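Everything below concerns the one structure shown next.
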Amino acid sequence: MNKVSLYSLLAAISIFISGCATVGPMGKLDTTISAKSQEERVQFIILHYTALDQPTSLRVLSQQAVSANYLVGDEDPVKVWQLVPENRMAYHAGLSEWKGYSRMNASSIGIEIVNLGFKDTPEGRIYFPYPQAQIDRVIALVKDISLRYQIRPEYILGHSDIAPMRKSDPGPLFPWKQLADAGLIPWPKAEEVAQRMTAYELQLPEIKWFQQKLAQFGYGIPQTGLLDEATRSVLVAFQTKYRPAKFDGMPDAETAAMLDTLVANLKAK
């Protein structure tokens, strides 16, 4: 055996041995058997707007009690900061729920997007738009993270999805449809919505139906059968994401058709 082959053999043996055991406080640990029942700890991606300018966003997210794994800036050229490593928990979600999951800081990656949010004027509330270059960076970042952790499309969410009673970000001007077009999130197909709308225009479902469908889709919502404040908040969150032209929190035929289409397509997977 020549010297090169010997070195190659020794290297292969070393790699095999290192794969079989690791040295820890209790001595060598056997790692040759891997449990079938396991998954990534990161299950969700949560998108936010900062409601602050870029310098203030950086200061708050790096020096105060709130944090995020990533911050996407709004200045040209758009810069992305990683403020918390992905293997560590950032404090961005707060009291939250989706599909029965809670304490979502521990199971999510938070992406804050520099955007002033909104301002209230005598003429009404005005929302601030997102530059396309910024959205392009957000989509690229979400795509990269979701591929690495195999995150389900219905688990890429806004802060308003997981905390509709408290939060409204990333707001009605965030272009969720672009994320859908990139294959990142589910979206109700227009033709299916149109088909369902005909029936719902003739007979609108009861509030209990909306509550059940919203819960099936993932929202944390009480099943009271009443159009209470919590139910309207969840409807606002849903409409803001999927029908930003009108998000008044009122159940209507189009909302019913979109919701029914989304839930039906999730069940079909």
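The values are calculated or read from the model by the stated rules, or taken from the named source; none is laboratory data. None of these values were measured; they are calculated from a predicted model. Accessible surface is based on the protein model in full, side chains and every heavy atom, while ligands, DNA and RNA are left aside. Shrake-Rupley method; radii C 1.70, N 1.55, O 1.52, S 1.80 Å.
Structural remarks
- Judged by the ratio a/c of the largest to the smallest principal axis of the C-alpha gyration tensor, the range 129-269 counts as prolate, that ratio being 1.5 or greater while a/b is larger than b/c.
- Kirkwood radius and radius of gyration were both taken over the C-alpha atoms of the chain, and their ratio Rg/Rh is 1.09.
- Gap separating the Cα centres of the range 203-261 and the range 67-94, nearest whole Å: 31 Å
- The chain: angle of helix 3-20 to the longest principal axis, Cα-based, in degrees nearest 10: 50 degrees
- Rg ratio (alpha-carbon, reference 2.2 N^0.38 Å) - the range 50-201: 1.11
- Nearest 10 degrees, 0 to 90: helix 132-149 Cα axis against the chain principal axis: 50 degrees
- In angstrom, the C-alpha Rg and Dmax of the range 184-265 are 11.6, 34.
- For the range 71-110, the per residue solvent-accessible surface stands at 57 Å², with DNA, RNA and ligands left out and a 1.4 Å probe.
- Fraction of accessible area attributable to carbon and sulfur, the chain (%, probe 1.4 Å): 56 percent
- Listed by chain and number, the lysines placed with their C-alpha closer than 17 angstrom to that of K246 are K177; residues fewer than eight positions away on the same chain are left out.
- For the set K36/K143; K99/K269; K79/K167; K143/K189, the pairs lying more than 23 angstrom apart at their alpha carbons are K36/K143; K79/K167.
- For W98, no residue whose modelled amide H falls within less than 5 Å of its own remains once neighbours fewer than 5 places apart on the same chain are excluded.
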